[in-house]
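To keep things clear, I will list the structure first and then write my remarks on it.
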Amino acid sequence: QKEVEQNSGPLSVPEGAIASLNCTYSDRGSQSFFWYRQYSGKSPELIMFIYSNGDKEDGRFTAQLNKASQYVSLLIRDSQPSDSATYLCAVTKGRRALTFGSGTRLQVQP
Amino acid sequence: GAVVSQHPSRVICKSGTSVKIECRSLDFQATTMFWYRQFPKQSLMLMATSNEGSKATYEQGVEKDKFLINHASLTLSTLTVTSAHPEDSSFYICSARDLGGTSGGAKSYNEQFFGPGTRLTVL
C-alpha cells in the first residue's frame, strides 16, 4: 500500500465548474497535509495546508480533512484553464520530510 | 521572502562524469534541506535529508556514495551525482524548511520551499 494515494487522472472539468481532487494516506499519525500544484517541467508550489479536521477555505480553494477516514481533498471552485496542472497531495508528521502522492492531472476545458 | 534557488537549471553531461547541483536559501536560514528526484510522470521521491553541519540521511535505496550531499552552511546544500549514468537522468528538486521563521514567508510551520529544479540529462 502506498503511503499517499491519488487518482492519476486526468480529471477533466469544464471551465467554471468545481474540480474535486482526492487523496488518502496510510499513516494514521500524519499531522500536516499539503496540496501542491505542479506545472509541467516546474517545481511544486504550495496551494493549501491543513492540520485539523474540517474545511479550510482560501479564495477559490477549499481543503477538507477527515482524519478518521484518512482522507484529504481539494476543491477548486470556478475552475480556470490556468488551473490545468498536476496536483500533489503531501503529508508529514512532526519535522519529517513530506511524503508525496503520485499526483492527479487536472484538465480544465475552455 | 522564502526563495530557494538551484543551479544549474539544466545540465547535459556524458556518462561517467560527475555533476554538482547547488541549492541555496536566498533570504532565510535553512537548517534542513531536502533533495527529491522526479522521473517523468511520477511523483517526487525523497532522496535524502540534509542537515547543516552533519551527515545527510539517505532514504532506502539511495546510494550515499553516488549521491554526495554537503550542507556546509545554513544557506547552501549541494548534491553531487558521481559517475552519472543515463538512468540518473531526472528532475532533481531541493526544498528548504525555515524552522527559525527568519523568512517571514512561511504560511505553515512545516512548509517546505522548493527550488525551481535541475533537469539532468546523462548521455
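The values are calculated or read from the model by the stated rules, or taken from the named source; none is laboratory data. Bear in mind that the values here come from a model prediction, so they are computed numbers and not experimental data. Positions of Cβ are generated from backbone atoms using ideal geometry, with glycine treated the same way; all protein chains shown enter the neighbour counts. The accessibility values were calculated without ligands, DNA or RNA, using every heavy atom of the protein model including side chains. Shrake-Rupley method; radii C 1.70, N 1.55, O 1.52, S 1.80 Å.
Just a few scattered comments:
- Per residue, in Å², the accessible surface of the range A:4-67 once ligands and nucleic acids are set aside, probe 1.4 Å: 49
- Cα convex hull of the range B:5-44, projected area averaged across orientations, nm²: 4.1
- Kirkwood Rh and Cα Rg combined as Rg/Rh, the protein assembly as shown: 0.97
- Convex hull of Cα atoms in chain A, direction-averaged projection (nm²): 6.6
- 5 angstrom amide H check on A:Ala85, placed H, neighbours 5+ away: A:Leu106
- Excluding ligands, DNA and RNA, the accessible surface per residue across chain B is 48 Å² with a 1.4 Å probe.
- Just checking the listed ones, B:Gly53, B:Gly16, B:Gly61: in the Gaussian network model of chain B with Cα springs under 10 Å, the one fluctuating most is B:Gly61.
- Förster radius 41 Å - calculated FRET efficiency between A:Arg77 and B:Cys13 (Cβ-Cβ, nearest 0.05): 0.35
- Here A:Asn7 and A:Ser40 are evaluated by their C-beta separation; at R0 = 22 Å the FRET efficiency comes out at 0.75.
- Distant-in-sequence amide contacts of A:Phe33, defined by a placed amide H-H separation under 5 Å and a gap of 5 or more residues or a different chain, comprise A:Ile50.
- Over 29 Å between alpha carbons, listed pairs A:Lys67/B:Lys20; A:Lys67/B:Lys64; A:Lys42/B:Lys20; A:Lys56/B:Lys55; A:Lys56/B:Lys64: A:Lys67/B:Lys20; A:Lys67/B:Lys64; A:Lys56/B:Lys55; A:Lys56/B:Lys64
- The P(r) of the range B:29-70 has a tail past 15 Å containing 42 percent of all C-alpha pairs.
- Across the range B:62-71, coupling constants 3J(HN,Hα) worked out from phi with the 6.51/-1.76/1.60 Karplus curve, θ = phi - 60°, read 9, 7, 5, 7, 8, 10, 8, 10, 10, 10 Hz, and Gly and Pro carry x.
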